[in-house]
Amino acid sequence: MSALYNHMVAALREHWTAHSQQYPQRFELTDAALRELNDTRKLVNDTMNYVLRPGWEAVFLGVPVQGGAAVNALVAADGSLHPLVEHAPAA
């Protein structure tokens, strides 16, 4: 899976912990990052013979995703912007 996918999952987990299990408002990604994410997700789904539901490109683990951003970020439940950063592997 792409590094972007892993960064998004880590940011979502951190958000849930920090915001009493609330979902963030959305992920904002650059157009290139959104293409990379959706290409990877489609490849995995096609390989596993999963059926993609209409609109799958606009949602990631229940969180809306939009392109056109200057940086890849999570918009928290409170509206604050949190750039997606590489997380060190757990020891």
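The values are calculated or read from the model by the stated rules, or taken from the named source; none is laboratory data. Computed from a predicted structure; not experimentally measured. The accessibility values were calculated without ligands, DNA or RNA, using every heavy atom of the protein model including side chains. Shrake-Rupley method; radii C 1.70, N 1.55, O 1.52, S 1.80 Å.
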- prompt: Taking the Cα atoms only, what angle lies between the long axis of helix 31-47 and the longest principal axis of the chain, rounded to 10 degrees?
  reply: 50 degrees
task: Report, to the nearest 10°, how far helix 3-18 tilts away from the longest principal axis of the Cα atoms in the chain, using its own Cα long axis and a range of 0 to 90°.
output: 40 degrees
message: On a 1.4 Å probe surface of the protein chains, which of Thr17, Thr40 comes out largest in accessible area, and what is the full order?
response: Thr17, Thr40
query: Over the heavy atoms of Tyr23, what accessible area does a 1.4 Å probe trace out, to the nearest 10 Å²?
result: 120 Å²
message: Rolling a 1.4 angstrom probe over the protein chains, ignoring ligands and nucleic acids, what is the accessible area of Thr47 in square angstrom, nearest 10?
response: 100 Å²
field: Solvent-accessible ranking of Arg41, Arg26, Arg13, largest area first, probe 1.4 Å
entry: Arg13, Arg26, Arg41
query: For the chain, what D do you get in µm² per second when you plug the Kirkwood radius from alpha-carbon pairs into Stokes-Einstein at 37 °C and 0.692 mPa s?
result: 241 µm²/s
- request: Would you calculate, for the chain, the mean residue ellipticity at 222 nm contributed by helices, counting each DSSP H stretch of 4 or more residues as -39,500 (n - 2.57) and dividing by all residues, to the nearest 500?
  value: -12000 deg cm²/dmol
message: How large is the accessible surface of Asp46 in square angstrom, using a 1.4 angstrom probe and rounding to the nearest 10?
response: 80 Å²
task: Could you work out the relative contact order of the chain, using alpha carbon pairs under 8 angstrom and six or more residues apart, expressed as a whole percent?
output: 40 percent
